[in-house]
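One structure is given below, encoded as structure tokens.
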Amino acid sequence: MIHPLADCKNKNIPESTRIWQFCVVFENCQIGENCNICAHVLIENDVKIGNNVTIKSGVQVWDGIEIEDNVFIGPNVTLNNDMYPRSKLYPEEFQKTLIKKGATVGSASIVLPGLTIGENAMIGAGSLVTKDVPDNELWVGRPAQFVRKI
């Protein structure tokens, strides 16, 4: 289901995936089955999104970001792909960010570019992720720090 008020250029969205109003979905991104892409989300071209992913409102998924299966991205999460952005000066390649299977990124968190969020990891709301997060760990804070195994 693609809401009529979404700007979805991609013709390969599975029928089981829902894209809500005011989303912008570029032509060459990959989006899996049974995803829920909430209102006001932007997804660029060089993006891979797995199956059963939820992306809440106000998230931009930039080139170079991969989100594996069963991931939850909370509202207003900021994902980055360029550590040193400059207007009209583009890197040869954007940094790759990987969010592995089953991970959760809490609302209003910021994930710096080039990082990996491990399988089933959880990032607490409002956190600033500045380094890789291992599998099955809860990280919270600014900067995000290890809290406990989950």
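Any read-out appearing in this document is the output of simple, stated calculations on the displayed coordinates, not a laboratory observation. Only a predicted model underlies this, so the values are computations on that prediction, with no experimental measurement involved. Every residue, glycine as well, gets a Cβ built from its backbone with ideal geometry; the counts of neighbours run over all protein chains shown.
Loop only by DSSP, 11 or fewer other Cβ within 10 Å of the Cβ. Give me the GluC sites (Glu not before Pro) in segment 1-95 that pass, ordered by residue number. Sites meeting the loop and neighbour criteria: 15, 27, 92, 93.
Between residue 83 and residue 145, the contour length at 0.36 nm per residue exceeds the alpha carbon distance by 20.3 nm. Going from the residue with the fewest nearby Cβ atoms within 10 Å to the one with the most, 84, 90 rank 84, 90.
Computing FRET efficiency as 1/(1 + (r/R0)^6) for residue 135 and residue 93, where r is the C-beta to C-beta distance and R0 is 22 Å, gives about 0.25.
Close amide H pairs (under 5 Å, H built 1.01 Å from N) link residue 2 with 19, residues at least 5 positions away or on another chain. Taking every alpha-carbon pair in the chain and binning the separations at 10 Å intervals from zero gives 13, 44, 32, 11, 0 percent. Neighbour counts of C-beta atoms inside 10 Å place 139, 62 in the sequence 62, 139, starting with the fewest. Looking at segment 1-130 only, what percent of DSSP beta bridges run antiparallel? Nearest 5 please. Restricted to segment 1-130, the bridges split so that about 5 percent are antiparallel. Computed from point charges on the beta carbon alone (+1 for Lys and Arg, -1 for Asp and Glu), the dipole magnitude for the chain about its Cα centre is near 460 Debye.
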